[in-house]
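Shown next, in C-alpha cells, is the structure this report addresses.
The values are calculated or read from the model by the stated rules, or taken from the named source; none is laboratory data. Owing to the predicted nature of the structure, the values given are computational and were not obtained by experimental measurement. All Cβ positions, even for glycine, are placed from backbone atoms using ideal geometry, and neighbour counts span all protein chains on display.
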Amino acid sequence: MKKINFNAGPSALPNVVFKKSSEAIKELDGIGLSILEISHRSKKFSEIISRAKDLTLEITGLESNEYEVLFLQGGASHQYLMVASNFLNNTAGYINTGTWSEKAIAEAKFYGNVIEVASSKDKNHTYIPKDIKISCDLDYLHITSNNTIFGSQFHEFPRTDSPLIADMSSDIFSRKIDFSKFDLIYAGAQKNIGAAGVTLVIINKELLKKNKRKIPSILSYQNHIDKQSLYNTPPVFSIYTCLLNMNWILKSGGIELIEKQNIEKAKLLYNEIDNNDAFYGFVNNSDRSNMNVTFGINKNYNSEKFNEMCLKNNIHGINGHRSVGGFRVSLYNAISINSVKILVEIMQKFNKEG
Ligand SMILES: *Cc1c(COP(=O)(O)O)cnc(C)c1O
C-alpha cells in the first residue's frame, strides 16, 4: 500500500508523474526507445527540454527575452559555488536563515568578501530577519526563500538595489510571487519540481553582463546558456519528470490555485499544533513555512508513542532534521489536504491517549 509521504526531499510527487515517468522508462511516447536510452541531442529530447523551459516561464510568468532557463547538475549545493564564481567580484551580502544559507556563505567565501547582512542564528533560526539595512554596494544579495530544516519562510522579500538571488529549492512553484524581483533563482528539483538529479536555474540576462571573472566552462552560466543546457549530458530522466510535473501544475490551475491549497493544508496543521496541548511549534507565527512545518511534543507526552501511531496509520517521513529534532511535516504540492486531515486526526487521538 502506498504510504502518506511527508518527507522533506526527495519527496512526494503527483501520481501522474510516477505513472507517466515509469511508462517512459519502458517506452517513451511510442517511439520504440526508453527515455533512459535516447540521445540527449535527439529531436525527441530537444522537444522535452525546450517544453520544460517554456513551462518554467509560463508558471513563473517570466519573459523569454529577459530570463534564461537552465537545467544543470550538482544540486542546489553546486549553485552556491556557481553563483559566487560568476558574480562575486568584490562583496556579496547573504541573509543567514539556517543551514542552507550557511553552506552558501561558506562556498561564496572562496571567491570574495561575504557580509552576513542579517542572521536568525541568535534564536536558532526560528524567525526571519526584517528591516535589513545594507550599508555598502553589493554584487548581489542572496537569500534562502524557505528554510527547509528549521521551517521558516520569507513571506515578504527584502528590498534591495543589488541583484537579488534566491535558493528556492523547497518552495518554488508553491506560491504566487513576483518572480521578476529576482535576478537569479535556483532550486534542486527533488522537492517541488521533479526527480532528484537536476537543478533548475532561472537567470536574468542583465545579470549575466556582470560576470567579470574568467571561469572554467562547467561553472559558467553563459557557457551553459550558449549550449542550451547541453554542454555535457544532462540528467534526461530527471528533466522529463520536471516536464511531467510542470504539466500537472498547469493542469491543476497553476500556482495560484496550488498556493490556495498549500495555505489551507498549512493552516489546518498549524491550527492543530496551536490548539493541541501535546504539541508546540518551533517558529514565530508570522514566519512559519507553508512547506515545512516543524514542531515538538510537550514534556508530559510520549513522542515514541506518537511515532508509533503515525507508523501504524501509514504515515511516513515526519522526523525532524537531525540538527533540529522534533518533527517536520513537509507539505509540498503533491500532498493532498486529505493526508493532512489524517495526520491531524492522529494528533487529536494522541492528545487524548498520549
Ligand atoms: C534541499 C535543499 C538544498 C540542497 O539541495 P541539493 O540539491 O541536495 O544540493 C539546498 N537548499 C535548500 C533550501 C534545500 O531545501
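For segment 53-70, enumerate the residues that are part of a loop (DSSP other than H, G, I, E, B) and more than 12 Å from Phe182 (Cα to Cα).
Gly61, Glu63, Ser64, Asn65
Hey, among Asn204, Asn211, Asn232, Asn223, which residue is free of Cβ contacts under 8 Å to residues at least 12 places away in the same chain and farther than 30 Å from Asn7 by Cα? Walk me through how you get there before you give the answer.
Working: Asn204 fails: free of Cβ contacts under 8 Å to residues at least 12 places away in the same chain; Asn211 fails: free of Cβ contacts under 8 Å to residues at least 12 places away in the same chain; Asn232 fails: free of Cβ contacts under 8 Å to residues at least 12 places away in the same chain.
After ruling out the rest, the residue left standing is Asn223.
Ile193 - would you say it is assigned to a strand (DSSP E or B) and within 16 Å of the ligand (Cβ to nearest atom)?
Taking the combined requirement at face value, the residue does not satisfy it.
Determine whether Ile202 is within 12 Å of the ligand (Cβ to nearest atom) and either at pLDDT 95 or above or surrounded by fewer than 22 Cβ atoms within 10 Å (Cβ to Cβ) (or both).
Working: within 12 Å of the ligand (Cβ to nearest atom): no; either at pLDDT 95 or above or surrounded by fewer than 22 Cβ atoms within 10 Å (Cβ to Cβ) (or both): yes.
So Ile202 does not fit the description; no.
This table checks each residue for (1) more than 30 Å from Lys227 (Cβ to Cβ); (2) within 16 Å of the ligand (Cβ to nearest atom); (3) of a type outside the set (A, V, I, L, M, F, W, C); (4) in the same structural domain as Pro216 (by TED's automatic domain parsing).
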{"residue": "Glu68", "(1), (2), (3), (4)": "no, no, yes, yes"}
{"residue": "Thr91", "(1), (2), (3), (4)": "yes, no, yes, yes"}
{"residue": "Thr99", "(1), (2), (3), (4)": "yes, yes, yes, yes"}
{"residue": "Asp139", "(1), (2), (3), (4)": "no, no, yes, yes"}
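Tell me the residue from Asn298, Asn276, Asn351 that is more than 19 Å from the chain's Cα centre (by Cα) and surrounded by fewer than 14 Cβ atoms within 10 Å (Cβ to Cβ), please.
Details: Asn276 fails: surrounded by fewer than 14 Cβ atoms within 10 Å (Cβ to Cβ); Asn351 fails: surrounded by fewer than 14 Cβ atoms within 10 Å (Cβ to Cβ).
Going through Asn298, Asn276, Asn351 in turn, just one is more than 19 Å from the chain's Cα centre (by Cα) and surrounded by fewer than 14 Cβ atoms within 10 Å (Cβ to Cβ): Asn298.
Can you list residue pairs whose Cβ atoms sit under 6 Å apart, with the first residue in segment 54-67 being basic (Lys, Arg) and the second being surrounded by 13 or more Cβ atoms within 10 Å (Cβ to Cβ)? Count only pairs 6 or more apart in sequence or on different chains.
Sorted first by the residue in segment 54-67, then by its partner, the list stays empty.
Which numbered condition trips up Ser85, out of (1) modelled with pLDDT of 95 or more; (2) of a type in the set (Ser, Thr, Tyr); (3) in a loop (DSSP other than H, G, I, E, B)?
Every listed condition holds for Ser85 apart from (3).
Of the residues Val293, Val283, which single one is of a type in the set (A, V, I, L, M), out of contact with any Pro (no Cβ under 6 Å at 6 or more places or on another chain) and either exposed (fewer than 14 other Cβ atoms within 10 Å of the Cβ) or assigned to a loop (DSSP other than H, G, I, E, B) (or both)?
Val283
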